[in-house]
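**Q** What follows is a structure written as structure tokens; I'll ask about it next.
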Amino acid sequence: MGSGSSFSNSITLNSSLNPQQQAIYQNPEIIQKIIYHSRTIAMVGLSTERQKASYFVATYLRSAGYRIIPVNPRAETILGEKCYPNLASIPDPIDLVDIFRPAKDCLPIVQEAIASKAKAVWLQLKIVNDEAAELARQAGLLTVMDLCVKMEHGRYSGGLHEAGMNTGILSAKRVHRFI
């Protein structure tokens, strides 16, 4: 590694983004701001099916202390929480919009996120929509694309270390949220 580089920047999980896109949309400082400062997460595309990735991620994030607001027009409740058909119908402030929808569906979701005054948008692992991500960023939202919020939370909170994974982050103490 060259001088000034950070090992944590080099973990890309086989991202389909080019290095310039990774620098913008997988920036560790932005990821940490989102993880440490978000409290309410609207999960667009949260499934009612326990075996789906979105359900697993929502369960994990809820256990980590986040409030999860399900967004799924085909469900009334998920994880005991009222479901909303879209972001516009959520009456509470949203810190993070976590998107579990196909890439082709992301642009209108980002437009709703901007209109709802969300602070951040996260396109989950393998969801890449350059136009939607750039629109969110240009509107001032913290933006992450093609990463899993659960995995990044685990990396920066020490959870992946506990599972025996080398995250490339050296720390003598575990980070605690919501002190």
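The values are calculated or read from the model by the stated rules, or taken from the named source; none is laboratory data. Small disclaimer: the values here were computed from a predicted structure and weren't measured. In this analysis, Cβ positions are derived from the backbone assuming ideal geometry, glycine residues included, and neighbour counts consider all displayed protein chains.
**Q** For residue 96, are the conditions met, namely being in contact with a Ser or Thr (Cβ under 6 Å, 6 or more places away or on another chain), in contact (Cβ under 8 Å) with a residue 40 or more places away in the chain and either of a type in the set (A, V, I, L, M) or more than 20 Å from residue 27 (Cα to Cα) (or both)?
**A** Yes: the conditions hold for residue 96.
**Q** With the condition kept exactly as written, say whether any residue in the stretch 3-24 is modelled with pLDDT of 95 or more, touching a Phe, Trp or Tyr at 6+ places or on another chain (Cβ under 6 Å) and outside any strand (DSSP E or B).
**A** no
**Q** Among the listed residues 60, 55, which satisfies the condition of being under 25 Å from residue 82 (Cα atoms) and surrounded by 19 or more Cβ atoms within 10 Å (Cβ to Cβ)?
**A** So the residue among 60, 55 that is under 25 Å from residue 82 (Cα atoms) and surrounded by 19 or more Cβ atoms within 10 Å (Cβ to Cβ) is 55.
**Q** For residue 48, which of the numbered conditions (1) assigned to a loop (DSSP other than H, G, I, E, B); (2) in contact with a Lys or Arg (Cβ under 7 Å, 6 or more places away or on another chain); (3) not hydrophobic (A, V, I, L, M, F, W, C) fails to hold?
**A** Among (1) assigned to a loop (DSSP other than H, G, I, E, B); (2) in contact with a Lys or Arg (Cβ under 7 Å, 6 or more places away or on another chain); (3) not hydrophobic (A, V, I, L, M, F, W, C), residue 48 violates only (2).
**Q** Let me ask you something else. Given (1) buried (at least 19 other Cβ atoms within 10 Å of the Cβ); (2) within 17 Å of residue 30 (Cα to Cα), identify the lone condition not met by residue 119.
**A** Result: residue 119 passes all but (1).
**Q** Same structure again: Determine whether the stretch 151-167 contains at least one residue that is modelled with pLDDT under 95, assigned to a loop (DSSP other than H, G, I, E, B) and within 24 Å of residue 67 (Cβ to Cβ).
**A** Looking for residues that are modelled with pLDDT under 95, assigned to a loop (DSSP other than H, G, I, E, B) and within 24 Å of residue 67 (Cβ to Cβ), one finds at least one in the stretch 151-167, hence yes.
**Q** Same structure again: Determine if the stretch 28-35 includes at least one residue that is without any contact (Cβ under 8 Å) to a residue 24 or more places away in the chain, under 16 Å from residue 143 (Cβ atoms) and out of contact with any Ser or Thr (no Cβ under 7 Å at 6 or more places or on another chain).
**A** Among the residues of the stretch 28-35, at least one is without any contact (Cβ under 8 Å) to a residue 24 or more places away in the chain, under 16 Å from residue 143 (Cβ atoms) and out of contact with any Ser or Thr (no Cβ under 7 Å at 6 or more places or on another chain), which makes the answer yes.
**Q** Then there is this: Quick check on this structure: which one of 95, 146, 105, 130 is surrounded by fewer than 23 Cβ atoms within 10 Å (Cβ to Cβ), among the acidic types (Asp, Glu), at pLDDT 95 or above and under 13 Å from the mean Cα position of the chain (by Cα)?
**A** After applying the criteria, what remains is 95.
**Q** Okay, next question. Looking only at the stretch 56-80, which residues are without any contact (Cβ under 8 Å) to a residue 24 or more places away in the chain and part of a helix (DSSP H, G or I)?
**A** 58, 59, 62, 63
**Q** Can you spot a residue in the stretch 129-141 that is outside any strand (DSSP E or B) and within 16 Å of residue 38 (Cα to Cα)?
**A** yes
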